[in-house]
1. Any chance the range 69-79 includes a residue that's more than 30 Å from residue 131 (Cα to Cα), modelled with pLDDT of 95 or more, touching a strand residue (DSSP E or B) at 6+ places or on another chain (Cβ under 7 Å) and assigned to a strand (DSSP E or B)?
2. Can you name the residue in the range 62-81 that is over 22 Å from residue 6 (Cβ atoms) and in contact (Cβ under 8 Å) with a residue 12 or more places away in the chain and is also surrounded by the fewest Cβ atoms within 10 Å (Cβ to Cβ) among such residues?
3. Report the residue count in the range 199-221 for those that are at pLDDT 95 or above and in contact with a strand residue (DSSP E or B) (Cβ under 7 Å, 6 or more places away or on another chain).
4. In the range 281-314, which residue that is assigned to a loop (DSSP other than H, G, I, E, B) and touching a strand residue (DSSP E or B) at 6+ places or on another chain (Cβ under 7 Å) is surrounded by the most Cβ atoms within 10 Å (Cβ to Cβ)?
5. Go through the range 230-256 and count every residue that is at pLDDT below 95 and under 23 Å from residue 44 (Cβ atoms).
6. Hey, any hits in the range 226-235 for a residue that's in contact (Cβ under 8 Å) with a residue 12 or more places away in the chain and within 22 Å of residue 54 (Cβ to Cβ)?
7. How about the range 1-39: which of its residues are more than 25 Å from residue 265 (Cα to Cα), in contact with a helix residue (DSSP H, G or I) (Cβ under 6 Å, 6 or more places away or on another chain) and assigned to a helix (DSSP H, G or I)?
8. Please determine, by comparing only the residues of the range 179-195 that are over 18 Å from the mean Cα position of the chain (by Cα) and assigned to a loop (DSSP other than H, G, I, E, B), which one is farthest from residue 121 (Cα to Cα).
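The values are calculated or read from the model by the stated rules, or taken from the named source; none is laboratory data. Fair warning: this is a prediction, and the values are worked out from it, not measured in the lab. Using ideal geometry, Cβ is built from the backbone for each residue, glycine included, and neighbour counts are taken over all protein chains shown.
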């Protein structure tokens, strides 16, 4: 008989701080860029217009992981979460299951970490103001990570009450308007991706934007012409060009592979990041299995400190 720990959202929150999440995700980007961690392509199982399922495997750090997660935008009207699923962590040498995690909570941690990491690496060194557009679960995770890193942040959401509640809980403030939020030095968009927020000419010289919402076919938070004005970065070119923010611009011929740099290559020094204070930088995050693996490993390392963990009998 084997007892496998089960990490709920509250367990993950205690096991992995926002600062630890940034560190873990940074290390994962570097390991992937160096070929030390591997990640087969994400698989979509679609049931549109209701939603979709995603299978995301990865191998690294002595572990193998499978994330089985879904996204059903209409669920809140039914009293159900938009995103749910599981992350399974196995020993890479024996194949034995080591832990089970709430996938939505893993996603929130790594989303916050990736957005802030990209902003810190690609934003201007003197960037001061930061805004998060979208105050849902993942948007709150981004804001929480900014606050933990010592940066003041404003929130904006189409649902003002949700923005106010999130700001009060996180120690942030609410932006007076969407336009003022979009004028911040650093902007992170965490919306469902069904409507373009950044029309051509929205961003100004020196800004950085982390685009976190468009994680599947047909989604976009920025117009293709606006992306063409930016110095472009992504988490993974294959995902970004086929199912991420850049997909529509690639299809229209506005963005090509030569114009996009992967963040891991910047972190390893294989490629350059921002080259001037005047550049507008944009980071397309589609969400990588290696990031989920990094968060799962970081949490598993703290299993002994969480006395109230549930156990799955195998």
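1. No, the conditions are met nowhere in the range 69-79.
2. Among them, the one singled out is 74.
3. 7
4. So the residue we want is 285.
5. Total meeting the criteria: 16.
6. yes
7. 9, 12, 15
8. Of everything passing the filter in the range 179-195, 195 is farthest from residue 121 (Cα to Cα).
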